Amino acid sequence: MTPSRFVLEVAVFAPLRQTFDYFLPAGTDPAIASGCRVRVPFGRGTRFGVVLACREDGARLATKAASEILDEAPVFDAEQLRLARWAADYYQHPLGEILSGMLPAEVRRGRAPREALRTVWRITDAGRALGATPAGPAHRRHAVLALAGAADLDAAALAALDFDARRAVRELEKLGALERVLVAVQGTAAHASAPLEPFHVLNADQERALAAVRAHFGGFGVVLLQGVTGSGKTEVYMQAMRELLAAGRQILMLVPEIALTQALVARFEARFGAAVGVLHSGLTDQARAQTWAACRRGELGILLGTRSAVWAPLPRLGLLVIDEEHDASYKQQDGLRYSARDVAVMRARQRDVPIVLGSATPSLESCLNGQRGRYETVHLRTRAGSAVLPRVRLLDIRGLKLDGGLSEALLRAIGERLARREQVLLFLNRRGFAPTVICHRCGWVGRCTRCDARLVWHKKGEALHCHHCGAVHPLSRPVPDHTCDGEPDLVPLGVGTERVAEALAAAFPGQRIARIDRDTMRGREAIRRTFEDIRARRLDIMIGTQMLAKGHDFSGITLVAVVDADSRLFSLDFRAEERFAQLLTQVGGRAGRAEAPGEVLVQTHHPEHPLFARVFGHGYEGFAAAALAEREAAALPPFHAMAMIRAEATDRRYPQQFLEAVAARLRRIAPAGLEVEGPVAAAMEKRAGKFRAQIVLRAPRRAEIAAALRSFVVAAEALPARRRVRWSLDVDPQDAL
């Protein structure tokens, strides 16, 4: 068969840093090929990929024809391909893997995109008969039935009722009065549902913030919305979105945690109806594929999502919002190590639309961009409504007796709040009962045999866990490396959330106590129920990890306590102080968000530490100014660009050998100003049975690092030591250890 004169440039879904050429299949229209998925012969089998370009170019080195063009219309538009190419160059990652990751799993495997569906509740004949017979105790069921009699019920319609309708819906389903059905999503962002809930009147600060965002409509601009916790940033976002939705545009809003998307979806649906979709890793493959398809067809006006949603297809994109923009969760830590915030800024620039970065504690990178005029900084300095910022008090616990990590002063403060029927939140970023266990008989300390880490005692289940590799050692069986003669006498050292919860239950019997961490919050439903219980005041005391530190609005909490501040004060990571300052500010922001005044108590053995004076004495802005001065003097980010090359293997020698060869090459080609530091062992050298080492690159400008990395990745695969290691590249690393 005569080959087509048209040649396809294909990014194959494989970890390869090159594209491949194939002849266009016979009978295929070359005008539709770019951006479509394609199946191609590859090696001894076939692979899927994406067509980047179709050229009438006989000089291209194609030897085979593509097997099949899978799409009648491109799944990637020109904007998405441009963004993917930028990411491949900036993060030095294979383009095919980036494009593959931008697709839902089903579409990535070659299946056709599914029609977007949504769940509704439809009244049955039995329901119509039941609705005609009122009964006093069942008035909520009859209210739901009356609404269902007029039209199918969706989540937004149920949220508009003046009571929680979920129990009534469940009861009616059991009675056969309502049935759950899936219907196709219809309509477009331009015809979004009318608001079901009124918009709030903005205060003067919020009005100025909205005006700043509105001024960039129709063009690129970055607005850094720095608002104290509880200042009403979300209301500003929503009122900006309302105007763009009315003009038929789409909006992408990212949040750092799945738990935050759950709270926001109900809030946004109450304002915007069925125009809202959600995308995150907790959804099923089918749900993600349906939402992706609805976005691509323009049927969703607002997409709420976590990090990966930044790649979603939005053909009429008009605004991006990154809430809690400082959060480390926006940085991917494996595979393509991208920052969703930075990708979003580039996407807004390429698409020529505005982007809002919101936070009470902006990253130092964003603070510096604001100072240099790259971002427009707008402040919200007061809380919305009548709420005021909480009072902060340091508790010096040196020499004091602690009960489960809690001082007498803290217990007394908790008791006072409970007596006034107020809620209390305790923050401790350590799961389990105790972070260390020791044998009182022989001095043995529990350590993981696969990691340079101590084993954590989990009292529930009576086992020792490694929080790094996931190893579990039941205490009912001998623990590895423990050779004590006779019965071991294990003693817990330090406190975790389990131990604090146990101490609180003993100190405050009868109070409703919840532990909120990754051990107890397994699944979206558990998170939803717990947060609903907090808002409904069905819980009195909450002990939580970082899951509770960001973005939540719990009006009943008036006391927030940081149980162990000292665990974060001393670290080798240069970003540790910035993250702790953000955490202190964010955790404290959960207190006093309604009329009752709030208080923040911080337990520490080091009340004189300068970080406390900076954060609590001068506010986060004062801390950021001092921290930026220190970073500039030390030639650290954001004043210098940074990248890390990591390698790991089961033999300690191999990562060092590979990285020594890498470092030697980089030093030969290094432009002026580029520093190559290492190789050195990682701070946790052994993890999950692998030994790890790293090289750090630093330069005054990103261009020097980018040039060196482009040369490095071409040569890395040819290095003899490459075959013995697994290596990765991290541009703008957030974990410097």
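Spin-label pair residue 571-residue 460: with each label point 7 Å from Cα along the Cα-Cβ axis, the two points sit 2.6 nm from one another. Counting only aspartates and glutamates at least 8 places from residue 690 when in the same chain, those with an alpha carbon closer than 12 Å to its own are 452, 648, 651. Here r is the Cβ-Cβ distance between residue 667 and residue 536 and R0 is 51 Å; the resulting FRET efficiency, rounded to 0.05, is 0.25. One decimal place: the segment residue 553-residue 297 gains 88.8 nm when fully extended, by the rule 0.36 nm per residue minus the C-alpha distance. A crude spin-label estimate for the pair residue 334 and residue 660, with each label 7 Å from Cα along the Cβ direction, gives 3.0 nm.
Summing charges over neighbours of residue 714, with a neighbour being any other residue whose Cβ is under 15 Å away from its Cβ, gives +3 when K and R count +1 and D and E count -1. Summing charges over all other residues whose Cβ lies under 11 Å from the Cβ of residue 512, with Lys and Arg as +1 and Asp and Glu as -1, gives 0.
Beyond 26 Å, the tail of the calculated P(r) for segment 189-363 holds 21 percent of the Cα pairs.
The largest-to-smallest principal axis extents of the Cα set in the chain are 85, 75, 57 Å. The per residue volume of the convex hull around the alpha-carbon atoms of segment 6-108 is 101 Å³. The peptide list 719-728, 353-362, put in order of mean Cβ contacts within 10 Å with the highest first, becomes 353-362, 719-728.
For the pair residue 681 and residue 401, a Förster radius of 41 Å applied to the C-beta separation gives a FRET efficiency near 0.55, rounded to the nearest 0.05.
How would you classify segment 309-367 from its alpha-carbon gyration tensor, with a ≥ b ≥ c the square roots of the eigenvalues: rounded for a/c under 1.5, else prolate if a/b is greater than b/c, otherwise oblate? Note, shape of segment 309-367 comes out oblate. Largest first, the extents of the alpha carbon coordinates of segment 641-731 on the three principal axes equal 37, 27, 16 Å.
Sorting 219-226, 624-631, 303-310 by their mean Cβ neighbour count within 10 Å, with the most densely packed peptide first, gives 303-310, 219-226, 624-631. Seen from residue 171, the other residues with C-beta closer than 13 Å to its C-beta sum to a net charge of +4, counting Lys and Arg as +1 and Asp and Glu as -1. Using the rule -39500 (n - 2.57) for each DSSP H run of four or more residues, divided by the residues of the chain, the 222 nm mean residue ellipticity is -9500 deg cm²/dmol.
Each Cα pair under 8 Å and six or more residues apart adds its sequence gap; the mean of these over the residue count of segment 205-304 is a relative contact order of 27 percent. Average 1/r across all pairs of distinct alpha carbons in segment 230-333, invert it, and you get the Kirkwood radius: 13.7 Å.
When DSSP beta bridges are restricted to pairs lying wholly in the chain, around 55% turn out antiparallel. Taking each residue as 0.36 nm, the span from residue 179 to residue 419 lengthens on full extension beyond its C-alpha to C-alpha distance by 81.9 nm. Here the simple spin-label model places points 7 Å from the Cα toward Cβ, and for residue 735 and residue 608 these points are separated by 3.5 nm.
Across the chain, C-alpha contacts under 8 Å between residues 6 or more apart give a mean separation that, scaled by the residue count, equals a relative contact order of 10 percent. When 484, 36, 367 are sorted by how many other C-beta atoms sit within 10 angstrom of their C-beta, beginning with the fewest, the order is 484, 36, 367.
Residue separation of residue 199 and residue 281 scaled by 0.36 nm, minus their Cα-Cα distance, works out to 26.5 nm of gained length. Cα-based radius of gyration for segment 348-442, normalised by 2.2 N^0.38 Å, reads 1.77.
Shape analysis of segment 415-526 places it in the prolate category; the axes a ≥ b ≥ c from the Cα gyration tensor give an a/c of at least 1.5, with a/b above b/c.
Laboratory data are not the source of any read-out in this text; all were calculated from the coordinates shown. Everything quoted here is computed from the prediction, not taken from an experiment. A quick note on method: Cβ atoms are made from the backbone with ideal geometry, for glycine too, and the neighbour counts reach across all protein chains shown.
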